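Step one of this worksheet: look at the structure below.
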Amino acid sequence: MCGIVGYIGEKDCFPILIKGLRRLEYRGYDSAGVAVFDGESTINILKKKGKVEDLLAFVGKDIPPGSTGIGHTRWATHGPPSDVNAHPHTARFGRLAMIHNGIIENYESLRTSLETNGHAFVSDTDTEVLIHLIDEVQNRTNASLSDAVQMALKEVEGAYAIALVDASEPDMLIAARKSSPLVIGVGEENEFYVASDATPIIEHTQNVIYLDDEEVAVMHRKKGLIIKNLQNTVITPEVHALEMQIEAIEKGGFQHFMLKEIFEQPNSILDSIRGRVSVSRSEINMSGIDAHWDKWNAAQRIIIIACGTSWHAGMIAEYLFEDFARIPVEVEYASEFRYRNPIIRSNDVVIAISQSGETADTLAAIKLAKDQGAHLFGVCNVVGSSIARETDSGAYTHAGPEIGVASTKAFTAQVTVLTLIALLVGKKKGLLSTQRFSRLLVELKAIPDKVQKLLEQDARIKEIAGHFVKSENALYLGRGVNFPVALEGALKLKEISYIHAEGYPSAEMKHGPIALIDEEMPVFFIATADDVYEKIVSNIQEVKARGGRLVALVSAGNQELKQLAEFVIEVPKTDQALAPLLTVVPLQLLSYHIAVMRDCNVDQPRNLAKSVTVE
Ligand code: G6P
């Protein structure tokens, strides 16, 4: 939610900020704005409702000069998307400007007391309250700006990643964070970049510092970087080398990031397996499991916490852990778990799944479980993210940067990693026969090629999609491990095409959803060969009898359903436990094509954001 970017150095900062904002636009696209300090007396603030392109049209040829600046792309929380609510926000009559990602929870009481002291506000935002608070603290104490920032942040409840510039400090850029991500790029001598993630930084420098919670970084054009925490202790930063490649964050000839990411799946799944599986030795190696085997071995229960698509990956993992490792599993929405007074025991292993590693609810749920003594294991895609750092151990999914807001390759990477963990734990506990374990490893290794085969059917899937462009509702049905895939198929469709869609276990259809079926209703069945295939065929018959429009995902060679369904998509055969890695792919493509044909912005669907750093 919200992307922030900043620069201080010798270069013109406007192009750097705009390019950075384009890269961060996946985090929010309700408005965009920049503040550029001309180095003498004026901070030029330019901001506009809409996307970065709208901001550029508004700026036109009047590019603000300066080599210190900040930029913001917004996902609205306090106040609707508008020019006035767009960041940067200012205090001290425009001489202090700030951008912010997060939520200041006590902003109302802060605002009231600031108003009593004569501060006037023009926007509805919590951000404007915070910059006025910093101004107020500095006036009251005569402290330096960085000390005032530290003191003000102590009064704040909630989450923030901020960057600010001050017209009376021409050589300084300040940034701070708590529970919202912030990365500092270390460039040439005394040149610094600040951003919500590494994507705006990568083409300038490979050297980054991940700021920790409650740390304030002062970047000075002459004096360099000083980081202190809110207790005023100086922190020695650890500089990391970025491993990301620039090509990974560009579209590479695809019309949309989402399509590129769907097509990357043969590679991203392979990357999730790479270095972890040896088929010849019939082995899985995962250091995060091996190093804490005592915890896994003693686990009486696994609790999986996640949100959105990651929660669906967790649902699949439930089937796999129970089957392979015989450990009871609970899959929880992080947002419900954290407010439910849940029962957590020291012999629970809690797995947090998150693409971004920054989802606020998942992060809060982790802290709760950690406080109560559970072992925390993270499954994250973003290296160095908050969730990766807050957990006791974990496994990265290695899907590479995912830019499209609707998650695709991150999901299949999560399912791959969770499958590996379930297999490894099952084997180490002696519950999986060597034969079954080896067979599953061979099958898993073959998955990338099978995904490739599915992608080769794209043209036909697009043609099928064309028949459902005008649909207003859709039903997705599956059973077993394919039930969460049905949920994911429905989520993909509603996220990007705005068609109302629901996923159900197919046997539950008769307990309600069947009432919705008429000649208009598309019903997507996942009916690949498995233990419950015959039961699903009966459900398909029931839909057919009521005139529903049937699309069936079947195992290659299936003839039976060709007679029943309007459209059939053949999925390469695999072990039924691994089916989700294949069955989800045509559903991703169907949603993508339907959304494009409906003229929807698939990479930036309305109201959504990729990284949800608010509750
Ligand atoms: C948002 C995104 C989804 C994602 C969910 C959880 O809603 O739009 O694609 O699944 O957040 O995000 P996480 O980063 O924790 O996986």
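If you go through segment 250-258 one residue at a time, do you hit one that is open to solvent by less than 10 Å² (accessible area, probe 1.4 Å) and touching an Asp or Glu at 6+ places or on another chain (Cβ under 8 Å)? Full working, then the answer.
Looking only at segment 250-258, we keep the residues that are open to solvent by less than 10 Å² (accessible area, probe 1.4 Å), and these are 258.
Those still in the list that are touching an Asp or Glu at 6+ places or on another chain (Cβ under 8 Å) too: 258.
Looking for residues that are open to solvent by less than 10 Å² (accessible area, probe 1.4 Å) and touching an Asp or Glu at 6+ places or on another chain (Cβ under 8 Å), one finds at least one in segment 250-258, hence yes.
So which of E443, E463, E502 ends up being part of a helix (DSSP H, G or I) and outside the structural domain of D323 (by TED's automatic domain parsing)?
On the way: E443 fails: outside the structural domain of D323 (by TED's automatic domain parsing); E502 fails: part of a helix (DSSP H, G or I).
Just a single option satisfies the conditions, and that option is E463.
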- Task: Identify the residue in segment 350-409 that is in a loop (DSSP other than H, G, I, E, B) and among the aliphatic types (A, V, I, L, M) and, among all such residues, is nearest to V585 (Cα to Cα).
- Result: A406
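Looking at H72, H78, which one is crowded, with 24+ Cβ neighbours inside 10 Å and either within 22 Å of L173 (Cβ to Cβ) or in contact (Cβ under 8 Å) with a residue 12 or more places away in the chain (or both)? Lay out the reasoning, then the answer.
Numbers: H78 fails: crowded, with 24+ Cβ neighbours inside 10 Å.
So the residue among H72, H78 that is crowded, with 24+ Cβ neighbours inside 10 Å and either within 22 Å of L173 (Cβ to Cβ) or in contact (Cβ under 8 Å) with a residue 12 or more places away in the chain (or both) is H72.
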- Message: Looking only at segment 331-368, filter to residues that are more than 21 Å from N101 (Cβ to Cβ) and touching a Lys or Arg at 6+ places or on another chain (Cβ under 7 Å); which one of those is surrounded by the most Cβ atoms within 10 Å (Cβ to Cβ)?
- Response: V349
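I'd like to check something: does segment 462-469 contain any residue that is open to solvent by less than 10 Å² (accessible area, probe 1.4 Å), among the β-branched types (V, I, T) and within 16 Å of the ligand (Cβ to nearest atom)?
No - not one qualifying residue is present in segment 462-469.
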- Message: Please pick out the residue among A352, A325 that is in contact with a Leu (Cβ under 7 Å, 6 or more places away or on another chain), more than 13 Å from the ligand (Cβ to nearest atom) and modelled with pLDDT of 95 or more.
- Response: A325
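One line per residue, one yes/no per condition, for (1) in a strand (DSSP E or B); (2) free of Cβ contacts under 8 Å to residues at least 24 places away in the same chain; (3) not assigned by TED's automatic domain parsing to the domain that holds T359:
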site: I99; (1), (2), (3): yes, no, yes
site: E108; (1), (2), (3): no, yes, yes
site: R111; (1), (2), (3): no, yes, yes
site: L114; (1), (2), (3): no, yes, yes
site: E128; (1), (2), (3): no, no, yes
site: N139; (1), (2), (3): no, yes, yes
site: I174; (1), (2), (3): yes, no, yes
site: K178; (1), (2), (3): yes, no, yes
site: P181; (1), (2), (3): no, no, yes
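Can you pull out every residue in segment 332-349 that is within 15 Å of the ligand (Cβ to nearest atom) and assigned to a loop (DSSP other than H, G, I, E, B)? Don't jump to the end; show me each part of the working.
From segment 332-349, those within 15 Å of the ligand (Cβ to nearest atom) are 332-338; that's our starting set.
Once the filter is applied, which keeps residues that are within 15 Å of the ligand (Cβ to nearest atom) and assigned to a loop (DSSP other than H, G, I, E, B), segment 332-349 yields only R338.
The values are calculated or read from the model by the stated rules, or taken from the named source; none is laboratory data. Predicted model, so just to flag it, every value in this text is computed and none were measured. In this analysis, Cβ positions are derived from the backbone assuming ideal geometry, glycine residues included, and neighbour counts consider all displayed protein chains. Areas reflect the complete protein model, heavy atoms only, side chains present, ligands, DNA and RNA absent. Shrake-Rupley method; radii C 1.70, N 1.55, O 1.52, S 1.80 Å.
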